[in-house]
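The values are calculated or read from the model by the stated rules, or taken from the named source; none is laboratory data. Since the structure is predicted, the reported quantities are computational estimates derived from the model, not experimental observations. Every residue, glycine among them, receives a Cβ derived from its backbone with ideal geometry; neighbour counts consider all protein chains shown.
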Amino acid sequence: MSGASLVIGASSGIAQAVISQLLTDDPAATVYRVSRSPNVSQDKNVHSISCDYSEAQIESAIEQLKHSPSITQVFICNGVLHSDAHMPEKRLEDISGSHFLQAINSNTLIPLLWLKHLLPLLNQDDPCTVTLFSARVGSIGDNRLGGWYSYRASKAALNMAVKTAAVEYARRAKQVKLILFHPGTTDTPLSKPFQTNVPGGKLFSPQFVAQQLLSIVDHLEPDGQLSYLDWQGKTIPW
Ligand SMILES: NC(=O)c1ccc[n+]([C@@H]2O[C@H](COP(=O)([O-])OP(=O)(O)OC[C@H]3O[C@@H](n4cnc5c(N)ncnc54)[C@H](OP(=O)(O)O)[C@@H]3O)[C@@H](O)[C@H]2O)c1
């Protein structure tokens, strides 16, 4: 696809694989990578934007993107499950206010602020897909195991926030297709502490997930609807 791709949270294991795959598919692809840790790419078509995800720096990133070719794919990859101080909760007694608020900030608010500031940029003639990384554990209907209060709640809140934004995007940026994406359990720092119990064949490489995702978004057209899809392109129940 011609036009530029924008990858936010670009240091993520999956985001890096998405960038590599974009460049494999089209060595002349223009890619903007936004991250707290900006890597200078050897590739002259990969442009790094540093951002601490404060609203002021998100606005500044958007200013820089105003001079880019038309953006036709956006991937918002930010997501935090654990930190040095906190592992996901197994029971109510494990809940910590600071961990909960950190999860809501990284997993819900920051992606939503991007949707806020991307809207004027994406109100354009060219179609654009915007993929936000959610997770199956954000599905309320699918929650049978419990646990992981902060991560689950922050992804469920992301789903609701994006569903609400999709109503507005359908009116104000009609050429945008919004997607909530579940990559499956993928071998990155986020899943590292939880990989031992993953059944054989169910721990995906970031490269596999990137290929699945790019082939899914390539086939989606703006339809005014929000899709909540897994790595196979199958719809996940809300
Ligand atoms: N791996 C899995 O098994 C799995 C399963 C389901 C869903 N997901 C979702 O897929 C997405 C990508 O995950 P990954 O596995 O590639 O994770 P990862 O390699 O651990 O990457 C972490 C991501 O979160 C961002 N981030 C970290 N701390 C942050 C903070 N304090 N504030 C804002 N952003 C922060 C990073 O952005 P910077 O580039 O700025 O560092 C990076 O984009 C996440 O949304 C995750 O929830 C992953």
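The table below gives the values:
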quantity	calculated
Any hit, region 53-63, residues being part of a loop (DSSP other than H, G, I, E, B), within 13 Å of the ligand (Cβ to nearest atom) and at pLDDT 95 or above	yes
Among the candidates Gln124, Gln102, residue that is more than 14 Å from the ligand (Cβ to nearest atom) and touching a residue at least 12 places away in the same chain (Cβ under 8 Å)	Gln124
Residue count, region 201-236 (criterion: under 17 Å from Gly79 (Cβ atoms) and part of a strand (DSSP E or B))	4
Flag for Asp84 being more than 18 Å from Ile110 (Cα to Cα) and either in contact with a Phe, Trp or Tyr (Cβ under 6 Å, 6 or more places away or on another chain) or more than 14 Å from the ligand (Cβ to nearest atom) (or both)	no
Residue, nearest to the chain's Cα centre (by Cα), within region 64-96, restricted to residues that are crowded, with 17+ Cβ neighbours inside 10 Å and not in a loop (DSSP other than H, G, I, E, B)	Ile76
Unique residue being out of contact with any Gly (no Cβ under 9 Å at 6 or more places or on another chain), surrounded by fewer than 19 Cβ atoms within 10 Å (Cβ to Cβ) and outside any helix (DSSP H, G or I) when the list is Asp142, Asp126	Asp142
Members of region 170-200 that are within 16 Å of the ligand (Cβ to nearest atom), part of a loop (DSSP other than H, G, I, E, B) and either modelled with pLDDT of 95 or more or within 18 Å of Ile14 (Cβ to Cβ) (or both)	Pro183, Gly184, Thr185, Asp187, Thr188, Pro189, Leu190, Ser191, Gln195, Val198
Scope region 145-169; condition crowded, with 20+ Cβ neighbours inside 10 Å, of a type in the set (Phe, Trp, Tyr) and part of a helix (DSSP H, G or I); matching residues	Tyr151, Tyr169
Top-ranked residue of region 30-52 - restricted to ones that are charged (D, E, K, R) and within 20 Å of Val18 (Cβ to Cβ), ranked as nearest to the ligand (Cβ to nearest atom)	Arg36
Given (1) at pLDDT 95 or above; (2) under 19 Å from Pro120 (Cβ atoms), index of the condition Ser35 fails	(2)
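For (1) within 13 Å of the ligand (Cβ to nearest atom); (2) of a type in the set (Asp, Glu); (3) without any contact (Cβ under 8 Å) to a residue 24 or more places away in the chain, each residue gets a yes or a no:
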residue	(1), (2), (3)
Val130	no, no, no
Ser134	yes, no, no
Val137	yes, no, yes
Trp148	yes, no, no
Ala165	no, no, no
